[in-house]
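Undergrad: Please find one structure pasted underneath; my questions will follow.
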Amino acid sequence: MPEENPPLRPLIPGITAQFPQDVTVLPRRKDMLAVLKVTPARVAEVAKYLRDVGSFEHCALVSGVDWVDHLEVLYHLWSDSLKGYIELTVDLPSEDPHVPSVTEIWRGANWHERETWDMLGVRFDGHPDLRRVLMPEGYQFHPLRKSFELHEPEELEVKARHV
Amino acid sequence: MSDSETSGTSKIITHVREADAPEPEVPFAEIEIVQSKEFIPVVKENLTGMIQRGMEAAVKPVFNWAGRNSLFPLHWGLACCAIEFAAGFGARWDGERFGVVPRSSPRQCDLLIVNGTVTWKLSHKLITLWEQMPEPKWAIAMGNCATGGGPFRTAYSVVPGVDKLVPIDVYIAGCPPRPEAMLDGILRLERLIRERRG
Ligand code: SF4
């Protein structure tokens, strides 16, 4: 068990007791109060618990990483009273990744989830308006996937022809 | 009517005749003698009458002269090149001395200056603006981004050259081009329009 931050001492056992099957405590990273790995199905419930019980009222970032063999979705949550971030990570399969949306919990996650869908192709179930943000509607690729190769412009142009 | 006004008017008309209108029988003399405050109505009447008499070929150079000396670019900015575009119409470079006045509506424009990076997401809007402009119209690609994608040429989101979207008449190199270069591009376009005579 890694060394815990004192303010989180009651919270971490609480959350692992609440979700024993679904939450794993990972080693702390720099600038993070704690790093929790969550199974995809229970993300929304863990997030709600962290907001209501753990006072993480601000969702600062939803993003993703393509680790080639799997995808990872990250949530950085900020607590004003603890003055620190907690990180949630979710491992997803590369093929057809789905994860519950946290937009109903933090409205600010809306565009973050849209961007993650746009760039990495992660579907956020229950999102009110999951459209692309940076690329035009009808674009067929998710350019931050490692499998998306940086092509010559002419080829890219053919790829991007969406009208 | 003062003497200076008369001579000013005839000077402009003489310039048109020398530069553009080889037909000697064009009745420009009628125009030359009008009083300057009636200049526009009489010109309009003359030109309309000439078109009605089937002398469109003789009228065309006048429109060409008027059009190329009053190019109205669309007042929009896309990226860093737009700062140079704005500077080009400020006090120091004063693009308006060439009759080039940026307008805010594409309906009032006959020149599209693409001054910056165009992403695929923006490409629809660019084409819409271009189609909203009335004919005759021209387009200038200003800067490396508009010409060929610039530093973002291989990015997944950037159009590698706006000539994929709209027909470009003049390309201006530079990242960004200086305002002088932009004005030079506009003057080159004026020369191009004069040569086309259309
Ligand atoms: S050409 Fe250079 S200065 Fe102009 S928009 Fe592109 S990056 Fe900016």
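The values are calculated or read from the model by the stated rules, or taken from the named source; none is laboratory data. In this text the structure is predicted, and so the values were computed from the model without any measurement. Cβ sites come from the backbone with ideal geometry, for glycine too, and all protein chains shown count toward neighbours. Quick note on the areas: whole protein, heavy atoms, side chains included, nothing else; ligands and nucleic acids left out. Shrake-Rupley method; radii C 1.70, N 1.55, O 1.52, S 1.80 Å.
Undergrad: For region A:38-55, indicate whether the set of residues that are part of a strand (DSSP E or B) and open to solvent by 40 Å² or more (accessible area, probe 1.4 Å) is non-empty.
TA: So the first thing to find is which residues in region A:38-55 are part of a strand (DSSP E or B), and the list is A:38.
Applying the additional criterion that residues be open to solvent by 40 Å² or more (accessible area, probe 1.4 Å) yields none.
No: zero hits.
Undergrad: Now for a separate question. Might you check whether a residue that is more than 22 Å from A:PHE141 (Cα to Cα), touching a strand residue (DSSP E or B) at 6+ places or on another chain (Cβ under 6 Å) and free of Cβ contacts under 8 Å to residues at least 60 places away in the same chain occurs anywhere in region A:94-108?
TA: Checking region A:94-108: at least one residue is more than 22 Å from A:PHE141 (Cα to Cα), touching a strand residue (DSSP E or B) at 6+ places or on another chain (Cβ under 6 Å) and free of Cβ contacts under 8 Å to residues at least 60 places away in the same chain.
Undergrad: State the number of residues belonging to region B:158-185 that are within 14 Å of another protein chain (Cβ to nearest Cβ) and open to solvent by less than 30 Å² (accessible area, probe 1.4 Å).
TA: 6
Undergrad: Just checking, does region B:121-135 include any residue being exposed (fewer than 14 other Cβ atoms within 10 Å of the Cβ), away from chain A (no Cβ under 14 Å) and under 12 Å from the mean Cα position of the chain (by Cα)?
TA: Yes, there is a match, as at least one residue in region B:121-135 is exposed (fewer than 14 other Cβ atoms within 10 Å of the Cβ), away from chain A (no Cβ under 14 Å) and under 12 Å from the mean Cα position of the chain (by Cα).
Undergrad: Just to be sure, is B:CYS109 in contact with a Cys (Cβ under 9 Å, 6 or more places away or on another chain) and modelled with pLDDT of 90 or more?
TA: So B:CYS109 does not fit the description; no.
Undergrad: State whether one or more residues within region B:78-88 are assigned by TED's automatic domain parsing to the domain that holds B:LYS164, more than 16 Å from the ligand (Cβ to nearest atom) and crowded, with 19+ Cβ neighbours inside 10 Å.
TA: no
Undergrad: Next question, about the same structure. Among the residues of region B:103-115, which ones are open to solvent by less than 50 Å² (accessible area, probe 1.4 Å) and of a type in the set (Gly, Ala, Ser)? Please lay out each step first, then the result.
TA: Applying the first criterion (open to solvent by less than 50 Å² (accessible area, probe 1.4 Å)) to region B:103-115 yields B:105-106, B:109-115.
The one that is open to solvent by less than 50 Å² (accessible area, probe 1.4 Å) and of a type in the set (Gly, Ala, Ser): B:SER105.
Undergrad: Still on this structure, I have one more. Looking for whichever is in contact with a helix residue (DSSP H, G or I) (Cβ under 7 Å, 6 or more places away or on another chain), within 14 Å of chain A (Cβ to nearest Cβ) and surrounded by 21 or more Cβ atoms within 10 Å (Cβ to Cβ) here; the options are B:VAL118, B:VAL100. Which one fits?
TA: The unique qualifying residue is B:VAL118.
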